Amino acid sequence: MSESLHTTENSAAGQDRPELQKAIQEIVDSGLAGVSLRVNDERGEWVGSAGVAELGEAAKPPVNGYVRIGSNTKTFTATLVLQLVAEGKIELDTPAADYLPEFALDRRITVRMLLQHTSGVFNFTGELFEDGTVVAGIPSTISGQEWVDNRFKTYPPEELVRLALSKPARFEPGTGWSYSNTNYVLARLLIEKVTGRSCAEETQERILGPLGLSDTVVPYTSPEIPEPHAHAYYRYEEGGQQKTVDITRQNPSWISAGGDMISTTQDLHTFISALAGGKLLPAGLLAEMRTPHPKSGFGLGLRVQDAGNGGTLLFHNGGAAGHAALMYSTPDGSKTLTASLNYVDDAAMSLAGAFLKAMERLVDEVFGGEQAGSTDEVAEPTQPTD
């Protein structure tokens, strides 16, 4: 990895920034097992961690450990699609069915709608409606023991799409907004159809290689996660008893391109800084990526939010069953916050409310007024909003 695994908190820049250590301790105090934070700003770089890497042990999370980054994967996938748009191989406002005729998609669904979650397609990990109704999809982290029992199962991406398309759409294409992992599995299949290569190969050639992101992995079906890493947990009920299991190893094909990637806070910093700074996309397409939907604030694979101080904050967060990652940047990429988290997940997302308050405090501490948005990405996949 790119830095010592035993870096102590604050030592990366030799800075004493107790307000940052206090902020991550508050996140741990809100109920998470551990958090590792990296801040790059005008004062240099600061890294630190709080909590524990493993329940029942004393060691803190590694400051640059590997973590399942959940829906941050979507920002990588959207970047690939937009690079192909820049090369004339894909058109944003062309029906997605023209590229993927095998699924008989509604022809009103465009590539842009997939990236912006305005297609209306059912979310294969399950839908939570405003009235509290849940419509189940595949076994996911809203499913309790059923997800635990199936966590090593392989789900081909085509199977996930066909399941989603067998369910009623949430709304007519382009008439609403709803976060759906299905959109990004379709985007992955679109990339593979147009290029004739796997999404992992395209990610390596177009993003990971050029940026030197040697600690970022597209695992597909492999349950492994490189060392070092903090552990992820899941709590569920079996026979009337509460059980907590270590789910660090799992087959991530259940979430696919909706959130399967593994990375580190260092690599996420490099990626979001390069993306925001215009190193991955031409200016016109980067501007489209950063144009928010009026209802959601979601651009094309990236959230855009007005900062409380008159500026703008670019970000995406993501949770993947006991692991989560935060990724924030100013529009020019000069100031970033990246973090990895480990916690005890459950079907009820019981940590979501407390975590949101602590996360807002952390973002405010670093960016001075910019808001953190919603927890739904971290509470994935029940309603992984961004």
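Working note: Cα gyration tensor of the range 44-105, eigenvalues times five, square-rooted, sorted largest first, giving semi-axes of 42, 16, 7 Å. Per residue, the chain reaches -8000 deg cm²/dmol at 222 nm when only DSSP H runs of four or more residues are counted, each adding -39500 (n - 2.57). Considering only chymotrypsin sites (Phe, Trp or Tyr not before Pro) in DSSP loops that have at most 14 other Cβ atoms within 10 Å, the longest stretch of the chain without any of them is 172-386. Probing with 1.4 Å while keeping every protein chain in the model, the per residue accessible area of the chain equals 35 Å².
What do you get for GluC sites (Glu not before Pro) in the range 217-254 restricted to DSSP loop and a cutoff of at most 14 other Cβ within 10 Å of the site's Cβ? Passing sites in the range 217-254 are Glu224. If you wrap the Cα atoms of the range 90-135 in a convex hull and average its projected area over all directions, you get 3.8 nm². Relative to the Cα centre, the charge distribution of the chain, modelled as +1 at Lys and Arg Cβ and -1 at Asp and Glu Cβ, gives a dipole magnitude of about 540 debye.
At q = 0.11, 0.12, 0.22, 0.24 Å⁻¹, what is the base-10 log of I(q)/I(0) for the range 135-220 according to the Debye formula with one equal point scatterer per Cα and no solvent? Please give it to two decimals. Debye curve over Cα of the range 135-220, log10 I(q)/I(0) at q = 0.11, 0.12, 0.22, 0.24 Å⁻¹: -0.44, -0.52, -1.16, -1.21. The trypsin sites (Lys or Arg not before Pro) of the range 168-217 meeting both criteria, a DSSP state outside H, G, I, E and B (loop) and at most 13 other C-beta atoms within 10 angstrom of the site's C-beta, are Arg197.
Counting charges near Ser273 (Lys, Arg +1; Asp, Glu -1) among other residues having Cβ under 10 Å from its Cβ returns a value of +1.
Partners of Lys279 within straight-line reach, counting aspartates and glutamates whose Cα lies under 12 Å from its Cα and excluding those fewer than 8 residues away in the same chain: Asp332.
Pairwise Cα distances in the range 201-342 exceed 25 Å for 35 percent of all pairs. Enumerate by residue number the trypsin sites (Lys or Arg not before Pro) in the range 38-69 meeting two conditions: DSSP loop (anything except H, G, I, E, B), and at most 11 other Cβ atoms within 10 Å of the site's Cβ. Filter output for the range 38-69: Arg43.
Cα extents for the chain along the principal axes, largest to smallest and rounded to whole angstrom: 56, 55, 37. Normalising by residue count, the range 76-198 has a Cα convex hull of 109 Å³ per residue.
Straight-line cross-link partners of Lys22 among the lysines, defined as a Cα under 21 Å from its Cα and at least 8 positions apart when in the same chain: Lys60, Lys335, Lys357.
Summing Cβ point charges (Lys, Arg +1; Asp, Glu -1) relative to the Cα centre of the range 101-260 gives a dipole of roughly 380 debye.
Would you mind getting me the FRET efficiency between Phe152 and Arg197? Use the beta-carbon distance for r and R0 = 35 Å, nearest 0.05. Step by step, r from the Cβ atoms, then E = 0.85. Between beta-carbons, use under 12 Å as the cut-off and find the net charge around Lys193, counting Lys and Arg +1, Asp and Glu -1. In short, -2.
The values are calculated or read from the model by the stated rules, or taken from the named source; none is laboratory data. Keep in mind that this is a model prediction, so the values were computed, not measured. Counting neighbours? That spans all protein chains shown, and the Cβs are built from the backbone with ideal geometry, glycine included. Ligands, DNA and RNA are excluded from the accessible area calculation, which covers all protein heavy atoms including side chains. Shrake-Rupley method; radii C 1.70, N 1.55, O 1.52, S 1.80 Å.
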